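This report concerns only the one structure given below.
The values are calculated or read from the model by the stated rules, or taken from the named source; none is laboratory data. Computed from a predicted structure; not experimentally measured. So basically every Cβ, Gly included, is an ideal-geometry build from the backbone, and we count neighbours across all protein chains shown. In case anyone asks, the SASA skips ligands and DNA or RNA and just uses the protein heavy atoms, side chains included. Shrake-Rupley method; radii C 1.70, N 1.55, O 1.52, S 1.80 Å.
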Amino acid sequence: MQEKTPKNTPLTFCVQPEESKMRLDKFLTQKSELSRSQIAKMIKEEKITLNGAFVSKSGITLQIHDQITLFLPTKQEKSKPNNLTIPILYEDEDLLILNKPINLIVHETHQYDPQYTLQDWLQEQNLPLSNLGDSCRQGIVHRLDKTTSGAMVIAKNNHTHKILSAQLKTKEMGRYYLCIIDSPLKQDILINSPLIRHPKNRLKYITTTPNTPFSKKAKTAFFKIIDNGRIELIGAKLFSGRTHQIRAHLSKIQRHILGDHFYGYKGNYDSRILLHSHLLYFTHPTTQQHLEIYAPLWQDMLVFLHQNFYPTQNYEDFKNFIIPLDKLYQSRF
């Protein structure tokens, strides 16, 4: 039989130890953000190979070091969201700080990802950007999830990028978040529990014990701000920056962010996940000045807070809502 040579552009993944025993389709949904139905269609069209041979089934169990190649169509032109606004909270010759909106990913998940990204927006502004990472991560020092809004710092040069990355590791740079949860905390709490991928859903993370193989240390402080007897606005301070860290740590104590059905929220609120990076602090790499930058709440979350926790306040005055999260944290822990 004559060997077929796919004409589409190849994208190859190698199975890591913690990914062995996964089904092929689950692996690819995690790596490429393709749906299972899309993967099944690609298999039928002979556009996926495993160790050089065309795949015939979606449920093949993968082994360590397996090589999976997708033959994807030519990259599609990205479509910029209508009315996209990204406020700049601070800018100088070394860096800028943005207030990221929801439903915007920070960078591509792979080189054929058709989603419009924050990185695309940065390129369109013709800004100088650091290039320590690959081409789709220029200027990106840290991430926010697609569904999370708030403060992000962008490095304009490699010197700034290196120093800010080091500050993240030493905790000289830090972040505080605001979130609204489905049941009030019993008390302020510090959760120091490693995270690992869920064994049955590789897109989700769960807490585990420190000696679990492939787990990663994660630490979050949660503190009470205001509740209405049913739901509560709380602050969260990150001591590490793991994927879905706040959401997974809250799930550990049977609390869930409103709108976060993926981590177990079962209420009636069906809009955005009410999680916002409110305060970003660090030492400026050049001036050595300590900076604390607050990202104002986006209108949807601001309106929700006003209606549910502060209804007696004048809304026009409430638009400047800021909570001194660092001072609150320091008074509680």
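Just going by the charge dipole of the chain, with Lys and Arg at +1 and Asp and Glu at -1 on Cβ, which of ASN157, HIS290, LEU62 is farthest out on the positive end?
Going by the charge dipole, the pick is LEU62.
Tally Lys and Arg at +1 and Asp and Glu at -1 over the other residues with C-beta under 9 Å from the C-beta of PHE333: what net charge comes out? Don't skip to the end; give the middle numbers.
Working: positive: LYS237, ARG332; negative: ASP188.
For residues surrounding PHE333, the net value is +1.
Can you list the aspartates and glutamates whose alpha carbon sits under 15 Å from that of LYS224, skipping same-chain ones fewer than 8 residues off?
ASP182, ASP188, GLU232, ASP326
Work through the residues other than TYR263 whose Cβ is under 13 Å from its Cβ and net out their charges, Lys, Arg +1 and Asp, Glu -1.
So the surrounding residues net to +2.
Send over a whole-number figure in Å² for the accessible area per residue of the chain, probe 1.4 Å. The partial results should precede the final answer.
Numbers: 16920 Å² over 333 residues.
I get 51 Å² per residue for this part.
Rank by packing, highest mean first: peptides 293-301, 309-317, 260-268, with packing defined as the count of other Cβ atoms within 10 Å averaged across residues.
Working: 293-301: 18.7, 309-317: 10.9, 260-268: 15.1.
For the peptides 293-301, 309-317, 260-268, the packing ranking is 293-301, 260-268, 309-317.
Can you compute the FRET efficiency between ARG23 and GLN115 using 1/(1 + (r/R0)^6), with r the Cβ-Cβ distance and R0 = 25 Å? Round to the nearest 0.05.
Numbers: r = 24 Å, r/R0 = 0.97.
According to the calculation, E is roughly 0.55.
What FRET efficiency comes out for HIS198 versus ILE225 if R0 is 25 angstrom and r is the Cβ-Cβ distance? Round to the nearest 0.05.
On the way: r = 29 Å, r/R0 = 1.18.
Once rounded, the FRET efficiency stands at 0.25.
How large is the convex hull of the Cα atoms of the range 254-317 per residue, expressed in Å³ as a whole number?
That works out to 148 Å³ per residue.
Bin all alpha-carbon pair distances of the range 167-269 at 5 Å intervals from 0 and give each bin's fraction as a whole percent.
The percentages, shortest bin first, are 2, 13, 23, 24, 19, 12, 5, 1, 0.
Accessible area of the chain with a 1.4 Å probe: how many percent of it is carbon plus sulfur? Mind showing how you got there, number by number?
Values: 8190 of 16920 Å².
Of the solvent-accessible surface of the chain, carbon and sulfur hold 48 percent.
Taking the convex hull of the alpha carbon atoms in the chain, what volume per residue do you get, in Å³? Please report the intermediate quantities before stating the final value.
On the way: hull volume 53.6 nm³, N = 333.
Per-residue hull volume (Cα only) is 161 Å³.
Using the Cα centre as the reference, give the magnitude of the dipole from point charges on the C-beta atoms of the range 86-178 (Lys, Arg: +1; Asp, Glu: -1; all else neutral), rounded to the nearest 20 debye.
Values: 9 positive and 11 negative charges, 81 e Å.
Magnitude of the dipole: close to 380 debye.
Compute a Gaussian network model of the chain, connecting alpha carbons closer than 10 Å, and tell me which residue from GLN245, GLN138, GLN254 fluctuates the most.
GLN254
May I ask you to order 167-176, 149-158 by the average number of other C-beta atoms within 10 Å around their residues, highest value first? If you can, show how the numbers build up before the last one.
Numbers: 167-176: 16.6, 149-158: 22.8.
Going from most to least packed, we get 149-158, 167-176.
Given a cut-off of under 8 Å on Cα pairs at least six residues apart, what relative contact order in percent is computed for the chain?
On the way: 618 pairs, mean separation 45.0, N = 333.
It comes to 14 percent, rounded to a whole number.
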